[in-house]
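Presented below is the structure to which this report refers.
The values are calculated or read from the model by the stated rules, or taken from the named source; none is laboratory data. If you're wondering where the values come from, they're calculated on a predicted model, not measured in any experiment. In this analysis, Cβ positions are derived from the backbone assuming ideal geometry, glycine residues included, and neighbour counts consider all displayed protein chains. Quick note on the areas: whole protein, heavy atoms, side chains included, nothing else; ligands and nucleic acids left out. Shrake-Rupley method; radii C 1.70, N 1.55, O 1.52, S 1.80 Å.
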Amino acid sequence: MNRIVALDMLRGYALVCIMLDHMPIGVLRKLTLTNFAVFDAAELFVLLSGFLVGMVWVKVEAREGRRAAQIRFLRRAAQVWLALIAGAILLALFSALLFKLQMNHTAVWFQYARWIVEHPIGYVATVALMWMQPNLLDVLALYVLLIATVPVTVPFMLRWPWLAMAVSVVVWIFALPLNALIPNQRPGPGLLFNPFGWQMLFFAGVAMGAFRERIMPVLRRHSALLTWVSVGVLLFGLTIVIAWKIGAPAKPVSQFLRQITGGIDKWSLDFMRFTAILAASWIVAVPLARPFAWMAATAPGEALAEIGRGGLFSFIACVMLSIWGDALDMSAPAGPLNFWLRLAIDLWLVVAFWTISAVWMRRETWLPPLRARLGLG
């Protein structure tokens, strides 16, 4: 199956942003997507994941049949669930190790490190039952639920796309009360990433991937209008972000903008964030398609694409590096070199992320000899 390299690059970029955003005192986190748009890398990751699901489903169904596509995505849901459990165990053990080494960190809740040692079976069971989702991995819990519905929802979407869209919108409208029905460990109601809200973005991505050959010719007839509207939406979102960053002096502006947008809620995916990521996707896919294709062919673009192709492995690596980077940042000595030390840590982590992903993507060259040497067949 042919891959779209620019999409892999964007997935890699989203993962790098997620890693940096979860390092509270990191330097490069001031340059991530969330500093320039009203949405962040989580929306980008979920939208791209949905797009790839739609694209893969159509090709697998055409080649092997619908049952094969359904089985494939049921297996994928199981893989993501297992990755959630494995990631939660690694996260807690690594956090415990860092605390043991007296390397303080705040990227993850300190209780995970205690629970994995004192109540290992209970910790794993609560994660496996998805009653608890450790922070940094909560978006993976969302992904488990969304992928698990794909064998039913995608055939429904392919047969009745407009009805599917209407159902998705209705579910999004009632996302808050629906999410409150989900039993959960956290103090607030339901999951942190509200699946009833985020499903609309995921399935918008699925529709883009599944119907792109049909909808793009129609949309291109209105390319100029859609481009100007998208630019306007993104500039409006940037104005909101700038007002947030200015703080108290820009409070009247923020209040005025709030009257237009209503509340901006990442966790249930409000309409402004949803609209903004769709606007950005149009800009990237059409007016900036050639520049992004060029960027994907550069060395940094290829490095990001390799991270993006790492899939679940890259996501778990992203989480672990976030924790490590946070601990290193907090351990950096105070003084005039502190900023430069933290910048060096951030840069080193990005390079390490690529290196780990590159080694993993080349596992076919080193894993079989290693297994043979260890006598594992």
For segment 341-347, Karplus couplings with θ = phi - 60° (6.51, -1.76, 1.60), whole Hz, Gly/Pro x
5, 5, 5, 4, 4, 4, 5
Sequence ranges 145-158, 191-204, ranked by mean other-Cβ count within 10 angstrom, highest first:
191-204, 145-158
Taking only the alpha-carbon atoms of segment 41-90, what semi-axes of the equivalent ellipsoid follow from 5 times the gyration tensor eigenvalues under a square root, in whole Å, largest first?
24, 16, 5
Gain in span if fully extended, residue 35 to residue 288, counting 0.36 nm per residue against the direct Cα distance:
89.1 nm
Per the rule of 0.36 nm per residue minus the C-alpha distance, extending residue 261 to residue 93 adds in nm 56.3 nm
Do me a favour and compute the ellipsoid semi-axes for segment 120-277 from its Cα gyration tensor, root of five times each eigenvalue, largest one first, whole Å.
30, 26, 13
I'd like the distance between the alpha-carbon centres of segment 69-127 and segment 180-248, rounded to an integer number of Å.
29 Å
Given springs between every Cα pair under 10 Å in a Gaussian network model of the chain, which of 321, 74, 101 has the largest fluctuation?
101
Among 261-268, 44-51, 106-113, what's the highest-first ranking by average C-beta atoms within 10 angstrom per residue?
44-51, 106-113, 261-268
Rounded to the nearest whole Å², what accessible area per residue is found for segment 5-374 with the 1.4 Å probe?
50 Å²
Not counting ligands, DNA or RNA, and with a 1.4 Å probe, what is residue 5's accessible surface area in Å² rounded to the nearest 10?
70 Å²
Gap in Å between the Cα centre of segment 17-45 and the Cα centre of segment 252-302?
13 Å
Given springs between every Cα pair under 10 Å in a Gaussian network model of the chain, which of 222, 22, 105 has the largest fluctuation?
222
Listed residues 23, 295, 216 arranged by accessible area, highest first, probe 1.4 Å
295, 216, 23
Solvent-accessible surface (1.4 angstrom probe) belonging to residue 63, in square angstrom, nearest 10
140 Å²
If I model a spin label as a point 7 Å beyond the Cα along the Cα-Cβ vector, how far apart are those points for residue 171 and residue 351 in nm?
4.5 nm
Which FRET efficiency value, to the nearest 0.05, is calculated for residue 358 and residue 75 with the Förster distance at 35 angstrom and r the Cβ-Cβ distance?
0.85
Give me the one-decimal nm value for the distance between modelled label points at residue 242 and residue 125, 7 Å along each residue's Cα-to-Cβ direction.
5.5 nm
Using only DSSP helix segments of four residues or longer, with each worth -39500 (n - 2.57), what per-residue ellipticity at 222 nm results for the chain after dividing by its residue count and rounding to 500?
-25500 deg cm²/dmol
Heavy-atom accessible area order for 59, 251, largest first, 1.4 Å probe:
251, 59
Taking segment 204-363 as the region of interest, what is the percent of Cα-Cα pairs per 5 angstrom bin, listed from the shortest bin to the one with the maximum distance?
1, 7, 10, 11, 12, 17, 17, 13, 7, 2, 1, 0
I'd like the FRET efficiency for residue 297 and residue 152, computed as 1/(1 + (r/R0)^6) with the beta carbon distance as r and R0 of 45 Å, rounded to 0.05.
0.70
Just name one of 31, 370, 269: the one whose Cα is farthest towards the positive end of the charge dipole of the chain (beta-carbon charges, Lys/Arg +1, Asp/Glu -1).
370
For the chain, with all protein chains present and a 1.4 Å probe, just round the carbon and sulfur fraction of the accessible area to a whole percent.
70 percent
